[in-house]
1. Please pick out the residue among A:Ala70, A:Ala91, A:Ala86 that is more than 9 Å from every other protein chain (Cβ to nearest Cβ) and closer than 21 Å to B:Gly40 by Cβ.
2. Which residue, of B:Arg97, B:Arg63, B:Arg109, is within 14 Å of chain A (Cβ to nearest Cβ) and out of contact with any His (no Cβ under 8 Å at 6 or more places or on another chain)?
3. Among the residues of the range B:96-113, what is the count of those that are out of contact with any Ser or Thr (no Cβ under 7 Å at 6 or more places or on another chain) and either modelled with pLDDT under 95 or hydrophobic (A, V, I, L, M, F, W, C) (or both)?
4. Assess whether B:Ser96 counts as being within 25 Å of A:Leu47 (Cβ to Cβ), open to solvent by less than 70 Å² (accessible area, probe 1.4 Å), not charged (D, E, K, R) and not in a strand (DSSP E or B).
5. Could you please find all residues in the range B:9-20 being within 14 Å of another protein chain (Cβ to nearest Cβ) and in contact with a Leu (Cβ under 9 Å, 6 or more places away or on another chain)?
6. Kindly check whether there is at least one residue in the range B:21-40 that is in contact (Cβ under 8 Å) with a residue 60 or more places away in the chain, part of a strand (DSSP E or B) and either more than 10 Å from chain A (Cβ to nearest Cβ) or of a type in the set (Asp, Glu) (or both).
7. Report, by residue number, each residue of the range A:1-14 that is within 16 Å of the chain's Cα centre (by Cα) and either open to solvent by less than 10 Å² (accessible area, probe 1.4 Å) or modelled with pLDDT of 95 or more (or both).
8. Please indicate, with yes or no, whether at least one residue in the range A:41-57 is within 12 Å of the chain's Cα centre (by Cα) and of a type in the set (S, T, N, Q).
Amino acid sequence: QQQVKQSPQSLIVQKGGISIINCAYENTAFDYFPWYQQFPGKGPALLIAIRPDVSEKKEGRFTISFNKSAKQFSLHIMDSQPGDSATYFCAATVFTGGGNKLTFGTGTQLKVEL
Amino acid sequence: DAGVTQSPTHLIKTRGQQVTLRCSPKSGHDTVSWYQQALGQGPQFIFQYYEEEERQRGNFPDRFSGHQFPNYSSELNVNALLLGDSALYLCASSPSRRNQPQHFGDGTRLSIL
């Protein structure tokens, strides 16, 4: 059962363009939504995260937009650079028993071309 | 400030063997989670440890077991290895508070022959 759906599966963007990745969730108990960036051979690295009581969060070139009523959230990468080429995962967490359990989306492979 | 460290980085085993993977959490973190990431897939939650007890478990058989030590470090044990256990095993740590992001290590690449 896929609780976090992510699209597109892959994305090609020109240098300087905007990359947009979308996610949707089903479980209303989720209370924290991080995005991770993963390069080949490395573990996922936290990029940016948002709580559901906030509609938008911006950190540098990365922005999360969050629509609680639609149960959807998205990542926008402004001025995309070749160094942004990586796999991006959205995720959602629920806090139980002392920790936050992460449920990941299926990932988006981003390629930024010159 | 060291992040999450995992050992070993790579491991090759044969079917039926047993394996132990190790994880040291980021300084200040007391909760450790383990994930399995198959090639081309997102990480799948195995289980989570807090106060030396397994607190949550994903949909994995009891061939997968773990332990957390008083210094918050953790081990993942897998018995009776199957070919399908070949994957990247990731450890993540976080503080035991709501809305805290998990920080990942670079994983152990396990190959089963």
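1. Just a single option satisfies the conditions, and that option is A:Ala86.
2. B:Arg97
3. So the answer is 4.
4. Working: within 25 Å of A:Leu47 (Cβ to Cβ): yes; open to solvent by less than 70 Å² (accessible area, probe 1.4 Å): yes; not charged (D, E, K, R): yes; not in a strand (DSSP E or B): yes.
Considered against the rule, which asks whether it is within 25 Å of A:Leu47 (Cβ to Cβ), open to solvent by less than 70 Å² (accessible area, probe 1.4 Å), not charged (D, E, K, R) and not in a strand (DSSP E or B), B:Ser96 comes out as yes.
5. B:His10
6. yes
7. Result: A:Val4, A:Lys5, A:Gln6, A:Ser7, A:Pro8, A:Gln9, A:Ser10, A:Leu11.
8. No: zero hits.
The values are calculated or read from the model by the stated rules, or taken from the named source; none is laboratory data. Computed from a predicted structure; not experimentally measured. Neighbour counts are summed over all protein chains in view; Cβ atoms, including those assigned to glycine, are modelled from backbone coordinates with ideal geometry. We work out accessible area using only protein heavy atoms, side chains counted, and drop any ligands, DNA or RNA first. Shrake-Rupley method; radii C 1.70, N 1.55, O 1.52, S 1.80 Å.
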